[in-house]
């Protein structure tokens, strides 16, 4: 017979005083905690900004015209008055500290200071002016999306240029991955090109340094069309393969001039991927049914249509693309393996920019 345990109010009632406090007291405590967190965050932000600011001043630069605007600021075409060189001035709004804008700016600056590579856009200076932060970048007048839009209907990108750009993008992302950094927002609009055949990774606003084990991240990253399936299915633990998936989508788009998977919602994006690559199963992707947003009622597409979607691509290119778009991130080709793929064997690498 089970003996009943005698309850001791002195010992067994945990934090009894907390339960009898007034609601107003608890609300005030919450407000106080929020205030002190925000004050600490503001102090940390100010100190961090002082640490990363450069030596230049805003008076050294002249704004020419606005060339872009995003969630966190405005980008201007500018000119360095001392050298007469064109630059891109990215103005970061610092008013919305509670929304995390400063931490995003600090992250981008800190990463770019470490990521010095010919296929990564160069951060030349960091300027502070009142409550504004300016990032001064080398100026490149064209991005990959705008370049593809200039190609007339019925024509396609030169095959060797596609090969060269794909190789250079992989060089840049390998450099990031070797320094434990995920880009997380690769898309044609974030790849800048010059008139010498060089392409560079830009816009590291969503980039993250990663550790081991891979940390839990938000899955609201990467423009929908270039988003890896593990993110679409709700995974919060992901790593370098998400960038490789994005590069695969960009590679296919350079070949066809059309987005490979152009969904208008997360579920539509998933279904477009499934229609092309077949619906994943536990056999093809162990663990897929455990993702938060996986549904056993997903339609079961069984015919792989990837080759038909990229008819202009040769067999070696198709093999590389297939390896970039493997469902299981553990089996997806790495950036280093990509650079050694036979697809690039006939590429004149001596003509490409190399890290000095």
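Values in this text are rule-based calculations from the coordinates and carry no lab data. None of the values given here were measured: they were computed from a predicted structure. Note: ideal-geometry Cβ built from the backbone for every residue, glycine included; neighbour counts use all protein chains shown.
Odds and ends about this structure:
- Protection proxy ranking for 160-167, 326-333, 60-67, 238-245, using the average of other Cβ atoms within 10 Å per residue and placing the highest first: 238-245, 160-167, 326-333, 60-67.
- Taking a point 7 Å from the Cα of residue 64 along the Cα-to-Cβ direction, the residues of region 139-154 with backbone N closer than 12 Å to it are 139-142.
- Cα centroid separation, region 274-291 to region 103-149: 37 Å.
- Calculated SAXS-style log₁₀ I(q)/I(0) at q = 0.08, 0.10, 0.13, 0.17 Å⁻¹ - region 142-349, Debye, Cα scatterers: -0.25, -0.40, -0.70, -1.24
- With 10 Å bins beginning at zero, the pair-distance distribution over Cα atoms of region 273-327 amounts to 22, 48, 24, 6 %.
- For the pair residue 352 and residue 295, a Förster radius of 51 Å applied to the C-beta separation gives a FRET efficiency near 0.70, rounded to the nearest 0.05.
- Point-to-point label distance, residue 151-residue 130, nm (Cα→Cβ direction, 7 Å offset): 4.5
- Kirkwood Rh (inverse of mean 1/r, distinct Cα pairs), region 103-174, angstrom: 14.8
- Inter-label distance for residue 86 and residue 339, nm, one decimal - labels placed 7 Å from Cα along Cα-to-Cβ: 3.0
- Ordering of 112-120, 250-258 by packing is 250-258, 112-120, highest average first (other Cβ atoms within 10 Å, averaged per residue).
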